[in-house]
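**Student:** I am attaching a structure below and will ask some questions about it afterwards.
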Amino acid sequence: MIKSMTGFGAVKGAAEKLEISIEVKGVNNRYLDCTIKMPRVYGSFEERLKAVVSKYVSRGKVDVYITADASNADDTEIRINRPLAVAYINALRSIAEEYGLSDDISAMELTRFPDVLQADKREADADQLCAGLCRLLEEALTGYNDMREREGEKLRGDILARLDEIERLTALAEEISPRSVEEYRKRLETRMKEILETSDVDEARILTEAALFADRVAVNEETVRLRSHIDQLRVLLDAGEPVGRKIDFLVQEFNREANTIGSKGNDPEMAMTVVNMKAEIEKIREQAQNIE
């Protein structure tokens, strides 16, 4: 199934107690160009994240947006400085004994002294966090690819319809070509009669001239190759791999054959047929620019 290069995918989830949001957007590009925008603290994960993208996408401009919310994360740890707390208690008791004061030290009062309690942020496990980001990115890319496949199916249907039209125009060109030869023979005979001012003309010479003309305007070789290109493109549209570049190259061959047919024909109907054919080929080329 062919895929479009245009798509969108998004996912929300958790990794190492962080709330993670990931969005993937893709547009046309000749090669794979991946940009990942995320908090600077996660910069070391960039290459691993790009490797995940390359497993799902082979062509296109892909932008990945990653945001992390730590507001609900339970990552704060309160640590008791026990040696310092004991020193404060001993000092308070010494003061109480020396000055005859009551020894009523409470925990609340003790924690008011500097550095008895210390709040530390627990560092997230980098490997676990990166693994979680990669997992969420794969989910977002799955949705992104689903959208690209749906768009690709529409592109496939449009191109197949245009191939049918090109095939019809090819058959029409094959029909017009011999007809134009017969018309040329009649014009040649009329012209020779006018010049010689007699109805008795050399039929063999007319046939020779008509044969030479027929050889110059024959489009059989071009139409045979054009039909072959049509068959090849239909096969590519059913291939289970990225084929955008191959289609782009093949469309160039379509244009080459159409141009040759146009240069050989001197019939108005043939000229219009080729114009219509090239219009369909150009529309296919435009659609191919969006195929991975």
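**Student:** Would you check if there is a residue in the stretch 138-149 being assigned by TED's automatic domain parsing to the domain that holds Tyr56, under 15 Å from Ala68 (Cβ atoms), aliphatic (A, V, I, L, M) and modelled with pLDDT of 95 or more?
**Tutor:** yes
**Student:** Does Val57 satisfy being touching a residue at least 12 places away in the same chain (Cβ under 8 Å), under 15 Å from Glu138 (Cβ atoms), among the aliphatic types (A, V, I, L, M) and touching a Gly at 6+ places or on another chain (Cβ under 8 Å)?
**Tutor:** Here the answer is yes, as Val57 does meet what is asked.
**Student:** Considering only the stretch 68-94, state which residues are surrounded by 12 or more Cβ atoms within 10 Å (Cβ to Cβ), over 28 Å from Glu109 (Cβ atoms) and either small (Gly, Ala, Ser) or under 23 Å from the mean Cα position of the chain (by Cα) (or both).
**Tutor:** Selection gives Ala68, Ala70, Ala73.
**Student:** Moving to a separate point now. Restricting attention to helices (runs of 4 or more DSSP H) lying wholly within the stretch 220-291, give those where 2 or more residues are among the small types (Gly, Ala, Ser) and surrounded by fewer than 17 Cβ atoms within 10 Å (Cβ to Cβ).
**Tutor:** In the stretch 220-291, 268-288 are the helices (runs of 4 or more DSSP H) which contain 2 or more residues that are among the small types (Gly, Ala, Ser) and surrounded by fewer than 17 Cβ atoms within 10 Å (Cβ to Cβ).
**Student:** Can you find even one residue in the stretch 49-60 that is outside any helix (DSSP H, G or I) and polar (S, T, N, Q)?
**Tutor:** yes
**Student:** Among the numbered conditions (1) out of contact with any Ser or Thr (no Cβ under 9 Å at 6 or more places or on another chain); (2) over 17 Å from Thr170 (Cβ atoms); (3) modelled with pLDDT under 90, tell me where Asn266 comes up short.
**Tutor:** (1)
**Student:** Continuing with the same structure: Please determine, by comparing only the residues of the stretch 131-161 that are basic (Lys, Arg) and closer than 22 Å to Arg59 by Cβ, which one is surrounded by the most Cβ atoms within 10 Å (Cβ to Cβ).
**Tutor:** Arg148
**Student:** List every residue pair whose Cβ atoms sit under 7 Å apart, with the two residues 6 or more apart in sequence or on different chains, where the first one lies in the stretch 34-51 and is more than 20 Å from Met5 (Cβ to Cβ) and the second, anywhere, is assigned to a strand (DSSP E or B) and among the small types (Gly, Ala, Ser).
**Tutor:** Pro39/Ala68
**Student:** Mind checking whether some residue in the stretch 269-284 is within 17 Å of the chain's Cα centre (by Cα) and modelled with pLDDT of 90 or more? Let's see the steps before the verdict.
**Tutor:** Going through the stretch 269-284, the residues within 17 Å of the chain's Cα centre (by Cα) turn out to be 284.
Filter once more, so that each one left must be modelled with pLDDT of 90 or more: 284.
Scanning the stretch 269-284, I find at least one residue that is within 17 Å of the chain's Cα centre (by Cα) and modelled with pLDDT of 90 or more, so the answer is yes.
The values are calculated or read from the model by the stated rules, or taken from the named source; none is laboratory data. Quick caveat: nothing in here was measured; it's all calculated off a predicted structure. Methodologically, a virtual Cβ is constructed for each residue, glycine included, from the backbone with ideal geometry; neighbour enumeration extends over all protein chains shown.
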